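Notes follow the structure.
Laboratory data are not the source of any read-out in this text; all were calculated from the coordinates shown. Keep in mind that what you see is a predicted model, and the values were worked out from it rather than measured. Note that we place each Cβ from the backbone using ideal geometry, even for glycine, and neighbour counts take in every protein chain shown.
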Amino acid sequence: MKQNNGQTPNNENLRVVIRVRPPMAREINDGKFISTVQVAPDNLQLCIFDYHAIELVPDEDLEQYVSNPSNYTLHQFTFDYVYDQDSTQEQVYNTTAALSVDSTLQGYNSTIIAYGQTGTGKTYTMHGFSFNPNSDQLGIIPRSLHNIFNHIQMKSNSSTTFMVRASYLQIYNENINDLLRDSPTLNIREDKKRGVFVENLSEWAVRGPAEIYQLMRKGNAKRVTASTRMNDTSSRSHAVFIITVEQIEEKAEGKSAKVGKLNLVDLAGSERVRVTGATGQRLEESKKINQSLSALGNVIAALTENRGSKPHIPYRDSKITRLLEDSLGGNCKTTFMAMISPAIDAFGESLSTLKFANRAKTIKNTPIVNQDGDQGALLRKYQQEIQKLKSELEERTKQPLENLVNELEKEKQKALEDKQEAQSAYEQRSKDLFKETELRKQLEEKISALNSQMLVGGQKIEETPQFQSALEKQQRLIRQQYQEKLTELEKERQSIEEDKAQTDKYKQLLLKQRDIMIALTNRLNDRDETILQLQEELDVYEKLQKENEDQLHSQQIKLEQFEELFMENKIEIPLVLQNQKQYNKEKILGIQNDAQIQKLESIPVQTLHNNQQVQSDALISYELKNQIEINKQIQFDLKLTRIELEKSKNEIEQLKKQKNQDQISIIENARKSVDRILEQLTSEQSEQNLENVAKELNQLQKMLKQVLQPSRNHVKGQYSFSKSTSDSPNKIVLINKQNDQMAKSTGQLVKLMQMKPQPKQNQSPVLSSKLKQKQKSVGDLWNQI
Ligand SMILES: Nc1ncnc2c1ncn2[C@@H]1O[C@H](COP(=O)(O)OP(=O)(O)OP(=O)(O)O)[C@@H](O)[C@H]1O
């Protein structure tokens, strides 16, 4: 038994695993299959049996032959993990690939390389032949992305921002092509920050599983595959699916960025041309594949052989080794997955694959977390861009409507000019076409006119075959030119039509926008008008108020004049006049208050107007209604006042007239009575005369009482009213004085009436002088009355 580095490797930066694929239909002979591979139950060791000259053993002896140890040599290998033919895609992912994904999420570069003979299951392991997220066939690539998105989901509440991008390339015949975008052949570059990378390779941001499948489908469709003897869909190129995970974590001490990269490499399978029988293009492909794989072997050999302190590693011998430079002995955590077939036919390839894998175990990688400030540059750039766009949007939102309207106006003008230009070009072209047709017609007419005059060999020239053929040729030429011209003109016409349609469309759009602007402006104007109307209404109302106020004032003055007149004439002020005065007084105060209220109410409207805000229509109409109601009320009150005033005037006039007539007649009677008394007193004295005088005096007393009585009452009323209305003390004194004078006059009269007259015959000179005195005092009394 040959031991190949028997210990379990302990190199977590470079892991090597083997996967044995199940036998395929073509490898199973009559239901019998002899496996060359045996996997230890610990999944760490594997034995491969080298059966000696087995091809010479007849089928029926095979079973017995393989069980005899002397017929085989055993090769034993130890790896990080060995998957037997029953292993599932899920197991492979969980025990191997998941570690690489974890490393990527920690910010490391990780690579998984699927290596092996053609048809051993590299593509099956890396991709799986399914795009159904729930399929157990799913390979490492879709499972890795699912895992990454689950991780991001779990961290959704943390302060970490992620960005996942994918690229997909193939190296076919030593040319690098982008599988996700049409592009010319790409080149490999290297710089200190990024390490080795493919220049201009497209990167696609992926936000969920659906997008991953879309990219995989797209890339796989472009990848070169072909049906070979060993594999129906044999990959003819090396394919690399690159997943980049950028993350920025916001911590109290600041932001920290990490960038992890996961390279998932599905190498083309090595093949023995003798076995595959490839020719032509397939042969060329095979050669290139084998060359690049042997370059990979050389790199691994150089890395694992002890050749001094700084050995030369031939990375540049092939595109794939150059591309995987970081993964092979550099800044990367790498996993080799070597696939083998258990079939006897594939023994040679399987053994060489195992030896290759065994050698790779000793490669030393030195991965570091990509964590410096420049990492996560793209994510950071995106965040900055988003910030910039946000502020730009804010700025745009702030931009006044006017600018937009002006811009639209300019665009509209431009569109109109374009349309006019297109129209005039179209017209010009139509004219040209018309001219051309006319010209052609004229030429044809000229030719036929000339021809009709010429004769050749007795024949009209146009009837000769030469002429006919020349004419036909000429006509064909003209027709062709004409046709060409027509096509050209038609094309131009179509393009003009298109331009016109475009312009019309544009114009429609502009008209629509203009209509919206007009509608907006109209609405604004309506509101302005409403405000102006309200303002006008308020002005009219104020004016009306003013007039009412003035009217009330003048009424008040008139009333006061009437009052004075009444007082002068010692006539009681009618109650209606007093009420009216009081009412006016209240009304003036009321109006002042109303005016103030109105002023106050108008404040919000003015303030709104100043602030260029628009009060709601409902509020405005409500206020307007209120104002109209108040106006109506005032007008009604004024009418009432006027009617009351008119009424009072009439009453006053009537009272005046009545009072005067009553008093005049009483006074006239009194005068007559006094005249009679005087006559009797001055005539010859007799008892009869004196009795008559006494009667007359009595009557006079009654009459005077009649005159005085209402005056007293009136004075009393006036006094009490004045008192109750808190009139001025001067007025009260004046009224009392008048009262006293009346009382005095009445007392004198009563005294006079009580005097007893003397008989006439005993009348002495003293008596006659006394009589004269009495006569005088009666005269004085009359004057006083
Ligand atoms: N573990 C497995 N279980 C079941 N079927 C498998 C397994 N591995 C490979 N196969 C089948 O084997 C066939 C060849 O597999 P695949 O195309 O993946 O090989 P390959 O190594 O990529 O070949 P090539 O290098 O020619 O592209 C496929 O039909 C695949 O379904």
Modelled label-to-label distance, Q661 and N522, 7 Å Cα→beta-carbon offset: nm?
7.4
Counting other beta carbons within 10 Å of each Cβ, put H553, H151 in order, fewest first.
H553, H151
Can you tell me the order of 432-441, 236-245 when each peptide is scored by its average per-residue count of other Cβ atoms within 10 angstrom, highest first?
236-245, 432-441
With Rg and the Kirkwood Rh both taken from Cα atoms, where does Rg over Rh land for region 402-529?
1.42
Note: T160 to L544 extended length (0.36 nm per residue) minus current alpha-carbon separation gives 130.9 nm
Lys, Arg +1 and Asp, Glu -1 on Cβ, resulting dipole of region 402-529 about Cα centre, debye, nearest 20
460
Q494 paired with Q556, simple spin-label distance in nm, labels 7 Å along Cα-to-beta-carbon:
9.3
The distance between the Cα centres of region 96-152 and region 340-354, in whole Å, is 24
At 7 Å along Cα-to-Cβ for each site, give me the label-to-label distance between S135 and M567 in nm.
11.8
For region 18-70, diffusion coefficient by Stokes-Einstein and Kirkwood Rh (Cα), 4 °C, 1.567 mPa s, µm²/s:
102
Residue pairs, from the table K222/K333; K390/K412; K647/K702, whose Cα atoms sit over 31 Å apart:
K647/K702
Region 175-199-region 556-575 distance, computed between alpha-carbon centres (Å):
116
For region 123-196, what is the charge dipole size about the Cα centre, in debye to the nearest 20, if Lys and Arg each add +1 at the Cβ and Asp and Glu each add -1 at the Cβ?
380
Please list 3J(HN,Hα) in residue order for region 329-337, calculated via the Karplus relation 6.51 cos²θ - 1.76 cosθ + 1.60 where θ = phi - 60°; whole Hz, with x for glycine and proline.
x, x, 7, 6, 9, 10, 10, 8, 10
Burial order of peptide ranges 211-221, 318-328 (average beta-carbon count within 10 Å, highest first)
318-328, 211-221
Taking F162, F79 and counting other C-beta atoms within 10 Å, the order from fewest to most
F162, F79
When S256, S495 are arranged by how many other beta-carbons sit within 10 Å of their Cβ, fewest first, they go S495, S256
